[in-house]
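Undergrad: One structure, as structure tokens, below. Some questions next.
What follows is calculated from the coordinates using simple rules that are stated; it is not laboratory data. It should be emphasised that the depicted structure is a prediction, and the values quoted were computed from it without experimental measurement. All Cβ positions, glycine included, derive from the backbone under ideal geometry; neighbour counts span all protein chains shown.
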Amino acid sequence: MENWHLSDQTVSSKGQKSCQLTADHQPVKFQLGDGLRTRFGASTFDKVDVPRRNLDFDLEEGETLERLKAIDAWAIGYITLNSERLLKKKLSRPEVENGYTTLVRTYGSCSSCKTKINIRGPRACTYWDDKGQQIPECPAEGAWQDFAYTVQATLPQLWIMQGTFGLLLETTALCLQAPAAVNPFLKA
């Protein structure tokens with residue numbers, strides 16, 4: 001993360017504020033995890049059929065959870081040092097921590113991360129089976145929970161909205177893995 005950089009704030013034609021994140025002038029891309037599960041699938045808040053959706057993944061203790069927590073820690077430190085340039089006002093670390101929306105959300109003993117996914121269109125996520133063959137379409141509605149996923153992700157930007165801000169985590173490729181069918185009642 002030492003070579004990561006957030007650009008100066010830009011405002012889109014729709015009024016959306018953001019700062020592009022790069023690593024040595026290239027997009028920040030990485031494998032989010034392997035064997036990740038989703039409870040809800042690719043969904044929208046109001047259940048309309050749109051190409052861009054939310055895709056939450058459950059996180060267990062381990063490498064993925066630690067990597068995302070490290071990214072959050074980096075972001076809070078970087079934004080604190082560069083708040084005037086990025087957010088147009090000087091903020092203390094506690095103020096940044098208060099306004100920053102973390103990549104990892106923890107409820108009780110469960111952790112998850114929310115990603116954005118384009119299920120169709122020119123920036124659509126690509127889908128692969130566990131044999132390395134590309135699949136033409138995303139899982140059907142209601143079938144997202146039937147798979148475990150290897151997830152390729154990107155962190156394209158810092159979004160800024162009404163005093164809150166956070167890194168956008170976007171799913172760009174999914175390898176669908178059918179979970180092993182194990183009967184827990186079968187005696188060994």
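Undergrad: Report the label-to-label distance for residue 123 and residue 159 in nanometres (one decimal), using points 7 Å from each Cα along the Cα→Cβ vector.
TA: Here the modelled spin labels are 1.1 nm apart.
Undergrad: Going Cα to Cα from residue 29, which lysines come in below 18 Å? Please leave out same-chain ones fewer than 8 positions away.
TA: 69, 114, 116
Undergrad: Further question: Which entry in (i) 47; (ii) 31; (iii) 35 matches percent of Cα pairs over 28 Å apart derived from the coordinates of this structure?
TA: (ii)
Undergrad: To continue, here is another question. Where does the longest stretch of the chain lie that holds no GluC sites (Glu not before Pro) found in a DSSP loop with 15 or fewer other Cβ atoms within 10 Å? List each step's numbers first, then the result.
TA: Numbers: sites that count: 2, 60, 61, 137, 141.
With a cap of 15 other Cβ atoms within 10 Å, the longest stretch comes to 62-136.
Undergrad: To continue, here is another question. Please enumerate, by chain and number, the lysines with C-alpha under 24 Å from the C-alpha of residue 88, excluding those fewer than 8 residues away in the same chain.
TA: Cross-link targets: 14, 17.
Undergrad: Sticking with this one: Taking the dipole about the Cα centre of the range 4-177, with the C-beta of Lys and Arg at +1 and of Asp and Glu at -1, give me whichever of 163, 127, 113 is farthest to the positive side.
TA: The residue sitting farthest along the positive end of the dipole is 163.
Undergrad: Can you give the % of DSSP beta bridges in the chain that are antiparallel, to the nearest 5? Show your work: numbers first, answer last.
TA: Details: 43 of 50 bridges.
Taking every DSSP beta bridge within the chain, about 85 percent pair in antiparallel fashion.
Undergrad: Further question on the same structure: Dimensions of the range 1-62 along principal axes (Cα, Å, largest first)?
TA: Here the Cα extents, ordered largest to smallest, are 36, 35, 16 Å.
Undergrad: Just to confirm the number: angle between the C-alpha axis of helix 63-81 and the first principal axis of the chain, 0 to 90 degrees, nearest 10?
TA: That works out to roughly 10 degrees.
Undergrad: Students often forget the sequence filter, so: which aspartates and glutamates lie under 20 Å Cα-Cα from residue 90 once same-chain residues fewer than 8 apart are removed?
TA: 8, 72
Undergrad: What is the Cα centroid distance between the range 118-148 and the range 1-66, reported in whole angstrom?
TA: Spelled out, the Cα-based centre of one part sits 17 Å from the other.
Undergrad: In whole Hz and in residue order, list the ³J(HN,Hα) couplings for the range 98-112 that follow from phi through the Karplus curve 6.51 cos²θ - 1.76 cosθ + 1.60, θ = phi - 60°; x for Gly and Pro.
TA: Calculated HN-Hα couplings, in order: 5, x, 7, 8, 6, 5, 9, 10, 10, 10, x, 9, 9, 10, 8 Hz.
Undergrad: Where Lys and Arg each count +1 and Asp and Glu each count -1, what net charge lies around residue 74 among other residues with Cβ under 12 Å from its Cβ?
TA: Values: positive: 67, 69; negative: 2, 72.
Neighbourhood net charge equals 0.
Undergrad: Rounded to the nearest 0.05, what FRET efficiency do residue 140 and residue 73 have when you use their Cβ-Cβ distance and R0 = 35 Å? Don't skip to the answer; put the middle values down first.
TA: Values: r = 38 Å, r/R0 = 1.08.
After rounding to 0.05, the efficiency reads 0.40.
Undergrad: What is the fewest-to-most order of 112, 13 by other Cβ atoms lying within 10 Å of their Cβ? Kindly include the intermediate steps, with their values, before the conclusion.
TA: Values: 112 19, 13 5.
Lowest to highest Cβ neighbour count: 13, 112.
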